[in-house]
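The values are calculated or read from the model by the stated rules, or taken from the named source; none is laboratory data. Small disclaimer: the values here were computed from a predicted structure and weren't measured. No Cβ is skipped: glycine too gets one built from the backbone with ideal geometry, and neighbour counts run over all protein chains shown. Just so you know, the surface numbers come from the protein's heavy atoms only, side chains and all, with ligands and any DNA or RNA stripped out. Shrake-Rupley method; radii C 1.70, N 1.55, O 1.52, S 1.80 Å.
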Amino acid sequence: MVFKNKKYNKIMKKATFAAGCFWHVEEIFSKTFGVKSTQVGYTGGHLENPTYEQVCTDRTGHAEAIEIEYEPDEISYKDLLKIFFENHNPTTPNRQGPDIGIQYRSAIFCHDVEQEELAKEVKDKLNPIAKERFGNEIVTEIKSSVPFLSLIHISEPTRLGMISYAVFCL
């Protein structure tokens, strides 16, 4: 997805990644040169407006994810993919560290065909390395982007509960 960001008056693109607890993923990408904004939330599920509690049941299909706005003149999507793969274990299905459940799965939600092709290319290139390092193949899902529910749109009590939970993710 390409758009013009009013704040930066530049052409921007979006990237959406799921790699376990979204607080950790946001921490990494928010410090990345070329990334202009990040937001955490849910994507990839079948319930329109799930609560944190509903997502934690493993019945909504959602993943904790981060949506990134980046300036492609400063950082490429391929570089973002590299950061994504380097900062989690992409070989564990539905788990990152102590966090277990489908909401913690590894997934890339592509905003266009170019992103999808690059994601598949990088995954295929890294698969032998992952197999050697982790003993398993990469299980990262690569899908077309679907609606992203930002944490901003989640009820205040749920956000406060999640913020207190965040210390366990980092």
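Table for the structure above
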read-out	value
Neighbour-limited loop hits for GluC sites (Glu not before Pro), the stretch 1-85 (at most 11 other Cβ within 10 Å; DSSP other than H, G, I, E, B)	48
Length-normalised contact order of the stretch 12-135 in % [C-alpha pairs under 8 Å, at least 6 apart]	33 percent
Surface per residue (accessible, 1.4 Å probe) for the stretch 8-154, Å²	49 Å²
Where labels lie 7 Å past Cα in the beta-carbon direction, separation of residue 117 and residue 86 in nm	2.5 nm
Backbone N within the stretch 53-92 under 13 Å of label point (7 Å from residue 36 Cα along the Cβ vector)	68-75
